[in-house]
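*Asks:* Take this structure, written in structure tokens, and hold onto it; I'll ask about it next.
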Amino acid sequence: MATDGYSDLGEEWSHKFTLRQDTITRDTSLEVLLYDDSTDSITDSDDIGAITTELSDGNYTRQTVNLDSSDVSLSVSSGNIRAEAVVTFDLTNTTGTFDAFGIVNDFQSDIVLSESASNPHLIGTGLNSGGSQDASNFESFEQTIRIDLN
């Protein structure tokens, strides 16, 4: 089930790009996607390939969040630091259902997956606060993405 925290790969990504001063090349953006978690049932150990229900037709495209902007806010929620941003998807002529979002970034997972090159990885997921939605009911959909650092 989607959570409001990091996946295993997201934990590796977070630690690599914040703690290792000798290897830091800070990411400045992340991609956000919409999918149906009631079908995919994503867990912390899943990667991007486990998402089989990402919307894929009409005007839908993944959206980018710029981490170096005031669009990302930090707050405290239930004792955890929460990073939040709002992205808007164009869903004109898009079909399918979605109830969750995923956060994706390209990096080399040499700890969790022993990779030798960068690949897109699922950093974290979260449920849509409005529950399951039919994309064909929207021309535009605003999603608040969040990751809790606990």
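The values are calculated or read from the model by the stated rules, or taken from the named source; none is laboratory data. Keep in mind the model is a prediction, meaning the values are calculated, not measured. A quick note on method: Cβ atoms are made from the backbone with ideal geometry, for glycine too, and the neighbour counts reach across all protein chains shown. Side chains included, ligands, DNA and RNA excluded: accessible areas come from the protein's heavy atoms. Shrake-Rupley method; radii C 1.70, N 1.55, O 1.52, S 1.80 Å.
*Asks:* Would you be able to tell me the number of residues in region 84-117 that are closer than 23 Å to Gly131 by Cβ and hydrophobic (A, V, I, L, M, F, W, C)? Before the answer, list the steps.
*Replies:* Here is the first cut: in region 84-117, the ones closer than 23 Å to Gly131 by Cβ are 84-104.
This time we only want the ones that are hydrophobic (A, V, I, L, M, F, W, C), so: 85-87, 89, 91, 98, 100-101, 103-104.
Within region 84-117, residues that are closer than 23 Å to Gly131 by Cβ and hydrophobic (A, V, I, L, M, F, W, C) number 10.
*Asks:* Collect the residues in region 39-55 that are part of a helix (DSSP H, G or I) and under 21 Å from Asp148 (Cα atoms), keeping them in residue-number order. Spell out how you get there, then give the answer.
*Replies:* Taking region 39-55 as the starting set, the residues that turn out to be part of a helix (DSSP H, G or I) are 39-40, 48-50.
If the condition is that a residue be part of a helix (DSSP H, G or I) and under 21 Å from Asp148 (Cα atoms), then Ile48 is the only one that fits.
*Asks:* Just wondering, is there one or more residues in region 56-63 that are part of a loop (DSSP other than H, G, I, E, B), closer than 27 Å to Ser136 by Cα, in contact (Cβ under 8 Å) with a residue 40 or more places away in the chain and touching a helix residue (DSSP H, G or I) at 6+ places or on another chain (Cβ under 9 Å)? Spell out how you get there, then give the answer.
*Replies:* Filtering region 56-63 down to residues part of a loop (DSSP other than H, G, I, E, B) leaves 56-62.
After this cut, where a residue has to be closer than 27 Å to Ser136 by Cα as well, the list is 56-62.
Next, from what is left, pick out any that are in contact (Cβ under 8 Å) with a residue 40 or more places away in the chain: 56, 58, 60, 62.
Those left that are additionally touching a helix residue (DSSP H, G or I) at 6+ places or on another chain (Cβ under 9 Å): 58, 60.
Yes, because at least one residue in region 56-63 is part of a loop (DSSP other than H, G, I, E, B), closer than 27 Å to Ser136 by Cα, in contact (Cβ under 8 Å) with a residue 40 or more places away in the chain and touching a helix residue (DSSP H, G or I) at 6+ places or on another chain (Cβ under 9 Å).
*Asks:* Moving on to the next point. In the list Asp71, Asp37, which residue meets the criterion of being more than 25 Å from Asp110 (Cα to Cα) and at pLDDT 95 or above?
*Replies:* Just a single option satisfies the conditions, and that option is Asp37.
*Asks:* Next question, about the same structure. Kindly indicate the residue of region 1-31 that is buried (at least 20 other Cβ atoms within 10 Å of the Cβ) and assigned to a strand (DSSP E or B) and also modelled with the highest pLDDT among those meeting that condition.
*Replies:* Leu30
*Asks:* Val72 versus (1) surrounded by 15 or more Cβ atoms within 10 Å (Cβ to Cβ); (2) touching a residue at least 40 places away in the same chain (Cβ under 8 Å): which is the lone unmet condition?
*Replies:* So the condition that Val72 fails would be (2).
*Asks:* Among (1) among the charged types (D, E, K, R); (2) open to solvent by less than 70 Å² (accessible area, probe 1.4 Å); (3) at pLDDT 95 or above; (4) within 14 Å of the chain's Cα centre (by Cα), where does Asp57 come up short?
*Replies:* The single condition Asp57 does not satisfy is (4).
*Asks:* Further question on the same structure: Among Thr144, Thr92, which is the only one that is over 17 Å from Ser41 (Cα atoms) and out of contact with any Gly (no Cβ under 8 Å at 6 or more places or on another chain)?
*Replies:* Details: Thr92 fails: out of contact with any Gly (no Cβ under 8 Å at 6 or more places or on another chain).
On inspection, the qualifying residue turns out to be Thr144.
*Asks:* What is the residue count in region 93-127 for residues that are in contact with a Leu (Cβ under 8 Å, 6 or more places away or on another chain) and either closer than 19 Å to Asp71 by Cα or of a type in the set (A, V, I, L, M, F, W, C) (or both)?
*Replies:* The total comes to 11.
*Asks:* Counting only residues that are β-branched (Val, Ile, Thr) and closer than 16 Å to Gly126 by Cβ, which one in region 60-77 is nearest to the chain's Cα centre (by Cα)? Spell out how you get there, then give the answer.
*Replies:* Applying the first criterion (β-branched (Val, Ile, Thr)) to region 60-77 yields 61, 64-65, 72, 76.
With closer than 16 Å to Gly126 by Cβ added as a condition, the list becomes 65, 72.
Values: Val65: 10, Val72: 14 Å.
Top of the filtered list is Val65.
*Asks:* I would also like to ask the following. Looking at region 78-94 only, could you name the residues that are open to solvent by 30 Å² or more (accessible area, probe 1.4 Å) and over 16 Å from the mean Cα position of the chain (by Cα)?
*Replies:* Ser78, Gly79, Asn80, Ile81, Asp90, Thr92, Asn93
*Asks:* Take the residues of region 95-150 that are of a type in the set (Ser, Thr, Tyr) and over 17 Å from Tyr35 (Cα atoms): which is most open to solvent (accessible area, probe 1.4 Å)? I'd like the intermediate steps shown before the answer.
*Replies:* We begin by selecting, within region 95-150, every residue of a type in the set (Ser, Thr, Tyr); these are 95, 97, 109, 114, 116, 118, 125, 129, 132, 136, 140, 144.
When the remaining residues are screened for being over 17 Å from Tyr35 (Cα atoms), the result is 109, 114, 116, 118.
On the way: Ser109: 0, Ser114: 94, Ser116: 111, Ser118: 74 Å².
Only one residue tops the list, namely Ser116.
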